[in-house]
Amino acid sequence: MTDVVDSDELLRRIQRARAGAREEERRWRDLRDGFVPADPETVREAAGRVLAYEVVGQVLDEILTPGRHPWTRPAPHTGRPRGVNPVT
């Protein structure tokens with residue numbers, strides 16, 4: 001895949017991917033909530049997929065709207081994003 005795309009096309013692709021991740025997250029969440037507790041393996045599988053799609057959606061959202069999520073905002077006492085420590 002060696003397509004050359006401009007920034008507008010890249011933005012559209014990221015937006016479509018984010019929308020797809022959100023849709024899959026909703027779909028798996030609905031499936032997870034509909035499973036009977038007697039099938040713990042299926043519930044566990046659905047819960048894992050919900051988490052995966054949720055994270056993918058958050059990462060794509062952060063690319064499209066930087067700083068929107070609290071974990072990317074600077075910590076009050078350091079000025080660095082939360083969880084980022086200087087390398088010594």
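Beta carbons closer than 8 Å, at least 6 apart along the sequence or on distinct chains, pair a first residue in the range 7-36 that is outside any helix (DSSP H, G or I) with a second that is at pLDDT below 95 for F35/T42; F35/V43; F35/A46. Residue count for the range 1-30 satisfying the condition of being more than 12 Å from the chain's Cα centre (by Cα) and closer than 16 Å to V50 by Cβ: 5.
Could you pull out the residue among D3, D8, D39, D33 that is of a type outside the set (V, I, T) and modelled with pLDDT of 90 or more? Give the derivation first.
On the way: D3 fails: modelled with pLDDT of 90 or more; D39 fails: modelled with pLDDT of 90 or more; D33 fails: modelled with pLDDT of 90 or more.
Criteria check complete, one pass: D8.
The values are calculated or read from the model by the stated rules, or taken from the named source; none is laboratory data. Nothing here was measured: the structure is a model prediction, and the numbers come from that model. Reconstructed Cβ throughout: ideal geometry from the backbone, glycine too, with neighbour counts over all protein chains shown.
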